[in-house]
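This report refers to the structure that appears directly beneath it.
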Amino acid sequence: MKPSEAKQSVIEFVQESSKSAGGTWAHLSGPGIRECSQPSGAPGTMFVYVMKRADTTGADARNDVKAVSKHWKDAGVDVEEYQSGGPNPVPGVRGRGGPVISASFDAYPGNYQMSAVSKCSDGNPDKLRLEN
């Protein structure tokens, strides 16, 4: 896979996933460049992309987690729903596989965050950082 394909795929994955939770989302960070090892042992590049939704007024966090979980399952991602501890647990979902290495959605009140890491692609991460 070319780095440009990995980069675009993770952006599209997070953007499409955020639509399943509804509301208005904004870019938070990325696509950040990370080093990875390809199956051949050669160095490669993967990308991390993060979006946020600050206005969660009227949102139903548990239903939003269920919607994202279903979207990911439909995309071939293995999912695990969870919630944090404490008196006001925050629901979320983590995923692995499918079109990404990993993905995460945390439904914090007033601050939803969603991120994903692309599959490992060709390319030297240091060189790509200089080009970007």
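The values are calculated or read from the model by the stated rules, or taken from the named source; none is laboratory data. What you see is a predicted model; the values in this text were computed from it and never measured. So basically every Cβ, Gly included, is an ideal-geometry build from the backbone, and we count neighbours across all protein chains shown. Heavy atoms of the whole protein, side chains included, go into the accessibility calculation; ligands, DNA and RNA do not. Shrake-Rupley method; radii C 1.70, N 1.55, O 1.52, S 1.80 Å.
Observations
- Table column - 3J(HN,Hα) (Hz), the range 93-102, Karplus curve with 6.51, -1.76, 1.60, x for Gly and Pro: 8, 10, x, 9, x, x, x, 9, 6, 8
- Between S104 and N63, the simple label model (points 7 Å from Cα in the Cβ direction) yields a spacing of 2.7 nm.
- Between 0 and 90 degrees, the angle of helix 3-21 with respect to the longest Cα principal axis of the chain falls at about 10 degrees.
- Distance between modelled label sites at E5 and E131, nm, 7 Å Cα→Cβ extension: 1.5 nm
- Rel. contact order, % - alpha carbon contacts under 8 angstrom, at least six apart, the range 12-132: 29 percent
- Which label in (i) 1.19; (ii) 1.07; (iii) 1.01 gives the computed Rg/Rh (Cα atoms, Kirkwood Rh): (iii)
- For the pair E81 and N124 in one chain, pulling the backbone fully straight at 0.36 nm per residue adds 12.1 nm over the alpha carbon distance.
- The stretch between S37 and T24, if pulled fully straight at 0.36 nm per residue, gains 1.2 nm over its current Cα-Cα span.
- Solution diffusion estimate, µm²/s, Stokes-Einstein, the range 1-56, Kirkwood Rh from C-alpha pairs, 25 °C, viscosity 0.890 mPa s: 197 µm²/s
- Think of a 1.4 Å ball rolled over the protein heavy atoms: the chain then has 55 Å² of accessible area per residue.
- Expressed as a whole percent, the accessible surface of the chain that belongs to carbon and sulfur atoms is 49, based on a 1.4 Å probe.
- Taking a sphere under 12 Å around the Cβ of T24 and counting the other residues whose Cβ falls inside, with K and R at +1 and D and E at -1, yields a net charge of +2.
- Crossing angle, helix 61-74 versus the chain [Cα axis fit, 0-90 degrees, rounded to tens]: 40 degrees
- Estimated distance in nm for a label pair at E16 and N111, the labels positioned 7 Å out from Cα along Cα-to-Cβ: 3.0 nm
- Residue with peak Gaussian network fluctuation, the chain [Cα springs, cutoff 10 Å], from K52, K70, K119: K70
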